[in-house]
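Engineer: Before anything else, here's the structure in question.
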């Protein structure tokens, strides 16, 4: 059997762990820059708020309901996710970390236990050890387990449901709208509704050949999964990313090249940290800048540029030099820039870097410099040791006026009990 676990309103739940006064209140989490809603509590959903809503509009409409708005705190959410997955992983080694707040587990090793009790114990332990509520579903396949979780969230009191037989499977598929089926996007939903396919059950009884013709092999695998045939494999190891990027909007108008360079180097540093954490190097580097496309009354400019490096590298200071060269090549005076971004691609394992006879950046000296940088920041905190050109004030940063503290990752933010 397959288990699917999904944290309930994960971003909001993470905030509530350290601020219990938010429990029971409508809460929204805002995008970078505090402009739009990216996550929300069930209380906020009940008011009619949706993802993508503008914060100024919804505060004007629902502020009198006690609506609470918080800036997104991805450092906190990432750490809370690790804690949840660590507890879940104690119950089975056969896990797939699907997203920051979701995971699958294969319980084929657990044939002679009471599955319901075992999974409920895991669910309760996660709540006890982390404070994060989790909904859990069990089914024969990943698609059915995910369907069971959706049902558990909306229709059960304890946030748990197991598909025990074919009758349960059919009942759940008839309950689930076809547009809510895992893997069916708005494009296919529109086509299926036009064909009279309204529920997951309607989809499951379509001829397999017709599904394959309409939705290719990906849709056919999903169709098989809903009919109880395992076709979507487990990914027990998190695959390496094909690219790592960072691009955030500015909180103020940025016109100077020096400001863009400072922001670019900060973003690049974050990318390089992630790159080395996965033991990877990059062979391809791209940079872009653009103005605010919504400020139609202002002059508009968008430009991107890229370079193929002679030898793949993972050293921040070397990639910084290349990125600044690219930025200087596309920067133009006379524009109010809204965003700068960087993307590292053509990633290869550090141990598989192919050297170049005439240009080898991965020298022992560079390796030692990078090792010291990582060791110091790993011990004392991010950016405690940094390149001077990254700056300190960062007046260009996106607004985060309602940011909570880094309760679990910064010793200065640890809650003190009086």
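Engineer: From the set of residues in region 102-116 that are touching a helix residue (DSSP H, G or I) at 6+ places or on another chain (Cβ under 8 Å) and outside any strand (DSSP E or B), which is nearest to residue 24 (Cα to Cα)?
Structural biologist: If we take residues in region 102-116 being touching a helix residue (DSSP H, G or I) at 6+ places or on another chain (Cβ under 8 Å) and outside any strand (DSSP E or B), then 107 is nearest to residue 24 (Cα to Cα).
Engineer: Next question. Any residue that is in contact with a helix residue (DSSP H, G or I) (Cβ under 7 Å, 6 or more places away or on another chain) and over 19 Å from residue 264 (Cβ atoms) - is there at least one of those in region 355-363?
Structural biologist: Within region 355-363, one or more residues are in contact with a helix residue (DSSP H, G or I) (Cβ under 7 Å, 6 or more places away or on another chain) and over 19 Å from residue 264 (Cβ atoms).
Engineer: To continue, here is another question. Looking at this structure, is residue 124 under 21 Å from residue 88 (Cα atoms) and at pLDDT below 95?
Structural biologist: Taking the combined requirement at face value, the residue does not satisfy it.
Engineer: For region 69-101, which residues satisfy the criterion of being part of a strand (DSSP E or B) and surrounded by fewer than 20 Cβ atoms within 10 Å (Cβ to Cβ)?
Structural biologist: Result: 69, 71, 95, 96, 97, 98, 99.
Engineer: Within region 274-293, count every residue that is exposed (fewer than 15 other Cβ atoms within 10 Å of the Cβ) and out of contact with any strand residue (DSSP E or B) (no Cβ under 9 Å at 6 or more places or on another chain).
Structural biologist: So the count comes out to 1.
Engineer: Among 119, 37, which is the only one that is surrounded by 19 or more Cβ atoms within 10 Å (Cβ to Cβ), touching a residue at least 40 places away in the same chain (Cβ under 8 Å) and outside any loop (DSSP other than H, G, I, E, B)?
Structural biologist: Only one candidate passes the filter, namely 119.
Engineer: Please go through region 154-178 and pick out each residue that is surrounded by 16 or more Cβ atoms within 10 Å (Cβ to Cβ), under 23 Å from residue 46 (Cα atoms) and more than 26 Å from the chain's Cα centre (by Cα).
Structural biologist: The one that is surrounded by 16 or more Cβ atoms within 10 Å (Cβ to Cβ), under 23 Å from residue 46 (Cα atoms) and more than 26 Å from the chain's Cα centre (by Cα): 175.
Engineer: Of everything in region 18-34 that's without any contact (Cβ under 8 Å) to a residue 24 or more places away in the chain and part of a loop (DSSP other than H, G, I, E, B), which residue is nearest to residue 409 (Cα to Cα)?
Structural biologist: Within region 18-34, the match that is nearest to residue 409 (Cα to Cα) is 23.
Engineer: Which of the following residues is in contact with a strand residue (DSSP E or B) (Cβ under 7 Å, 6 or more places away or on another chain), in a helix (DSSP H, G or I) and either within 23 Å of residue 390 (Cβ to Cβ) or assigned by TED's automatic domain parsing to the domain that holds residue 292 (or both): 322, 308?
Structural biologist: From the options 322, 308, the qualifying one is 322.
Engineer: Take residues that are in contact (Cβ under 8 Å) with a residue 40 or more places away in the chain and under 21 Å from residue 99 (Cα atoms) and tell me which of the helices (runs of 4 or more DSSP H) falling wholly in region 171-235 contain 2 or more.
Structural biologist: Here the list reads 208-226.
Engineer: Ok, one more. Which is in a strand (DSSP E or B) and surrounded by fewer than 16 Cβ atoms within 10 Å (Cβ to Cβ), of 348, 372, 340?
Structural biologist: Selected residue: 348, the only one of 348, 372, 340 that is in a strand (DSSP E or B) and surrounded by fewer than 16 Cβ atoms within 10 Å (Cβ to Cβ).
Engineer: Is at least one residue of region 74-84 in contact with a strand residue (DSSP E or B) (Cβ under 7 Å, 6 or more places away or on another chain), closer than 30 Å to residue 164 by Cα and at pLDDT 95 or above?
Structural biologist: The answer is yes; a qualifying residue exists.
Engineer: In region 48-68, which residues are closer than 28 Å to residue 408 by Cβ and assigned to a helix (DSSP H, G or I)?
Structural biologist: 55, the sole residue that qualifies.
Engineer: Turning to a different aspect of this structure: Residue 393 - would you say it is at pLDDT below 90 and under 30 Å from residue 293 (Cα atoms)?
Structural biologist: When the stated conditions are applied, residue 393 passes them.
The values are calculated or read from the model by the stated rules, or taken from the named source; none is laboratory data. Given the structure is predicted, the values throughout are model-derived calculations rather than measurements. Please note: Cβ atoms are built from the backbone with ideal geometry, for glycine as well, and neighbour counts cover all protein chains shown.
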